[in-house]
């Protein structure tokens, strides 16, 4: 959950005006800064000369961001004057020059001065006046799974305590390291459990004629909360074709399903099932913690014994779009996820199932998938900007797995329209 309940790139001046009008109070998850800090009380170099950000201002901001990352996340607003009461409340907007450009500079500062790298951070400038002056918003979604983080310059780890950010002692650092390691191990155990259940569930089913089963599991790296999930229809996926260019030709990655899902509640979650034809079944499970899966079982006839590249890539791409729906439903727009892709095939007429190209050209194949159960490398999903590159990576992994290498045929995927439709549905 984030303070504003949406991505910082979706914030408007009205959101900032509301914050001041409501006199929002600083706390463990929100901090205000009137301006870029300067050591001697003078204006920062960004205000005076506009060519760079002063070191003192950088240290001051990085300290707060690291503190939120090592706690439960939070929102930092640069350009909000605080009142004198304690805890402080938002009192007025103090315009910062050229906030869009400043936000871009600060993204680079965070990449350079926070270690390990912080993935669940969003930064955006919100212009208020016609000259581009306004407020910069930093948003850290939940506690980072890759901490403890520290300021690279002063080598301190910080944490949030009520409305203050303070340095952690060694005991706190050790405790946080253990807790985060246990959380990541729990995610690994969940993936292993799903893999074992997948293999056991489909052991007999695969012995039927020309079968394949594909599954994608998505797990958030920090726990999410979507209460009464079954009632939230917007979180349910709509199968989408993803446009792409392959060998400079327009193609589509898709799941060949045109039947609507039938949804029913399950324990703290919801399940959707779509059957298309008499030999295909697609099952989607989504849980209130943000965990989700998509599984496609296909029993094919002998004359359709191959698997199209477009189908598996389309399934992976639709799993990414499901992740975006879950993030928006949980109001944790940049929460990182991990994906696991499993594939099982059985071809009684050969040792491998042909992998077919986006377009059939005679009997050409793109290699073959060996019979059995297969696990692909894990895929980390930081934000929507990664969707195209992740799908391209998965496509390449799939082709390599089938025994081919196509170095000059990397596809370019376009998620823009699909993401726009999802994000507009949630506004």
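Here are the numbers for the structure shown:
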{"read-out": "Count of segment 32-42 residues which are more than 14 Å from residue 58 (Cα to Cα) and either over 32 Å from the mean Cα position of the chain (by Cα) or not in a loop (DSSP other than H, G, I, E, B) (or both)", "value": "4"}
{"read-out": "Some residue of segment 68-80 being modelled with pLDDT of 90 or more, in a helix (DSSP H, G or I) and closer than 30 Å to residue 116 by Cβ", "value": "yes"}
{"read-out": "Any hit, segment 98-107, residues being surrounded by 22 or more Cβ atoms within 10 Å (Cβ to Cβ) and on the phi > 0 side of the Ramachandran plot", "value": "no"}
{"read-out": "Answer from 90, 35 - the residue that is farther than 20 Å from residue 106 by Cβ, touching a helix residue (DSSP H, G or I) at 6+ places or on another chain (Cβ under 8 Å) and in contact (Cβ under 8 Å) with a residue 40 or more places away in the chain", "value": "90"}
{"read-out": "Restricting segment 18-31 to residues that are in a helix (DSSP H, G or I) and more than 29 Å from the chain's Cα centre (by Cα), the residue that is nearest to residue 57 (Cα to Cα)", "value": "20"}
{"read-out": "Residues satisfying the stated conditions in segment 266-284, i.e. surrounded by fewer than 16 Cβ atoms within 10 Å (Cβ to Cβ) and part of a strand (DSSP E or B)", "value": "266, 273, 275"}
{"read-out": "Selection within segment 126-142 - touching a helix residue (DSSP H, G or I) at 6+ places or on another chain (Cβ under 7 Å) and assigned to a loop (DSSP other than H, G, I, E, B)", "value": "128, 132, 133"}
{"read-out": "Check on residue 376, within 22 Å of residue 238 (Cα to Cα), surrounded by 14 or more Cβ atoms within 10 Å (Cβ to Cβ) and either modelled with pLDDT under 95 or in contact with a helix residue (DSSP H, G or I) (Cβ under 7 Å, 6 or more places away or on another chain) (or both)", "value": "no"}
{"read-out": "Count of segment 64-79 residues which are under 15 Å from residue 144 (Cβ atoms) and either touching a helix residue (DSSP H, G or I) at 6+ places or on another chain (Cβ under 7 Å) or surrounded by 24 or more Cβ atoms within 10 Å (Cβ to Cβ) (or both)", "value": "9"}
{"read-out": "Complete set of residues in segment 38-58 that are buried (at least 17 other Cβ atoms within 10 Å of the Cβ) and within 18 Å of residue 123 (Cβ to Cβ)", "value": "44, 46, 53, 54, 57, 58"}
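Here's the yes/no breakdown for (1) outside the structural domain of residue 121 (by TED's automatic domain parsing); (2) within 12 Å of the chain's Cα centre (by Cα); (3) surrounded by fewer than 19 Cβ atoms within 10 Å (Cβ to Cβ):
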{"residue": "317", "(1), (2), (3)": "yes, no, no"}
{"residue": "326", "(1), (2), (3)": "yes, yes, no"}
{"residue": "350", "(1), (2), (3)": "yes, no, yes"}
{"residue": "355", "(1), (2), (3)": "yes, no, no"}
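Listed here are the residues, each with its yes/no results for (1) surrounded by 15 or more Cβ atoms within 10 Å (Cβ to Cβ); (2) part of a loop (DSSP other than H, G, I, E, B); (3) in the same structural domain as residue 287 (by TED's automatic domain parsing); (4) within 22 Å of the chain's Cα centre (by Cα).
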position: 119; (1), (2), (3), (4): yes, yes, no, yes
position: 144; (1), (2), (3), (4): yes, yes, no, yes
position: 177; (1), (2), (3), (4): no, no, no, no
position: 189; (1), (2), (3), (4): no, no, yes, yes
position: 213; (1), (2), (3), (4): yes, no, yes, no
position: 217; (1), (2), (3), (4): yes, no, yes, yes
position: 223; (1), (2), (3), (4): yes, yes, yes, yes
position: 226; (1), (2), (3), (4): yes, yes, yes, yes
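The values are calculated or read from the model by the stated rules, or taken from the named source; none is laboratory data. Keep in mind that this is a model prediction, so the values were computed, not measured. Here the Cβ is made from the backbone with ideal geometry for all residues, glycine too, and neighbour counts use every protein chain on show.
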